[in-house]
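The values are calculated or read from the model by the stated rules, or taken from the named source; none is laboratory data. All of these numbers come straight from a predicted model, not from anything done at the bench. Heads up, the Cβs are rebuilt from the backbone with ideal geometry, glycines too, and the neighbour counts pull from every protein chain shown.
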Amino acid sequence: AGGQAQVQSLRERYSVCDEAEFSAVCHRPKGLERLMGQTNFSKKELQILYRGFKNECPSGAVNEETFKNIYSQFFPQGDTSMYAHFLFEAFDTHKSGSVSFEDFVLSLSIILRGSVTDKLNWAFNLYDLNKDGCITREEMTDIMHSIYDMMGKYTYPCMRDSAPQDHVERFFQKMDRNKDGVVTIDEFLETCQKDENIMQSMHMFDNVI
Ligand SMILES: *[C@@H]1O[C@H](CO)[C@@H](O)[C@H](O)[C@H]1NC(C)=O
Ligand SMILES: [Ca+2]
Ligand SMILES: [Ca+2]
């Protein structure tokens, strides 16, 4: 249901509506069919998403600046630049410095419609800032600061300065099962799958789109 609402809110944000243009880019019907097969979006949803994408980004690929602009509209009271940067790097799966519509909907499908394991793998990759396969305290600290910065001090006026660090410590207490100082994907999946509340308490997907 959350996914539906998110697609709906994307739909409301983007009013540009041009079926012909969509067909032009997905000129080969196979392109669209392939995307329908690779994602859990319907043709209609892909059209809505495409219009939004094209509206933000007429060149057909999103750069980091676009992510920052979009996020600053959603969180006007906070500083979104760091979180948008990390998010961009997670979407930019080919490390090309830009996110194509295809990259974009593949990630979005996982976030909104993927299985729990798909989502956890995606989140792990987001938190693993240098993409070396483990999450360090430094990486989690950077992520937490970026989320707290984005929320802004007006949203949480009585938040203590130590709150992000407390969050990191709790994360490692739960996740770093062998206490070697890093969290691997196996530790992450095992812990998250046993404790559904972790997902919510980590703000995992609420902030993503
Ligand atoms: C689509 O949904 C199924 C069932 O939840 C899931 O297994 C699959 O990985 C999803 N695919 C994508 C790309 O989201
Ligand atoms: Ca890492
Ligand atoms: Ca470990």
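Checking ASP132 against (1) modelled with pLDDT of 90 or more; (2) more than 29 Å from GLY31 (Cβ to Cβ); (3) surrounded by 13 or more Cβ atoms within 10 Å (Cβ to Cβ), which single condition isn't satisfied?
It is condition (3) that ASP132 fails.
Being part of a helix (DSSP H, G or I), at pLDDT 85 or above and crowded, with 17+ Cβ neighbours inside 10 Å is the requirement here; does PHE41 meet it?
no
For TYR127, work out the one condition from (1) within 16 Å of ligand 2 (Cβ to nearest atom); (2) of a type in the set (Ser, Thr, Tyr); (3) in contact with a Leu (Cβ under 7 Å, 6 or more places away or on another chain) it doesn't fulfil.
(3)
Would you mind finding the one in VAL182, VAL116 that is among the hydrophobic types (A, V, I, L, M, F, W, C), within 16 Å of ligand 2 (Cβ to nearest atom) and on the phi < 0 side of the Ramachandran plot?
VAL182
Is it true that some residue in the stretch 87-105 is closer than 30 Å to LYS179 by Cβ and not acidic (Asp, Glu)?
Scanning the stretch 87-105 turns up at least one residue that is closer than 30 Å to LYS179 by Cβ and not acidic (Asp, Glu).
Go through GLY152, GLY181 for me and flag whichever is surrounded by fewer than 19 Cβ atoms within 10 Å (Cβ to Cβ), modelled with pLDDT of 95 or more and not assigned by the TED database to the domain that holds TYR71.
So the residue among GLY152, GLY181 that is surrounded by fewer than 19 Cβ atoms within 10 Å (Cβ to Cβ), modelled with pLDDT of 95 or more and not assigned by the TED database to the domain that holds TYR71 is GLY181.
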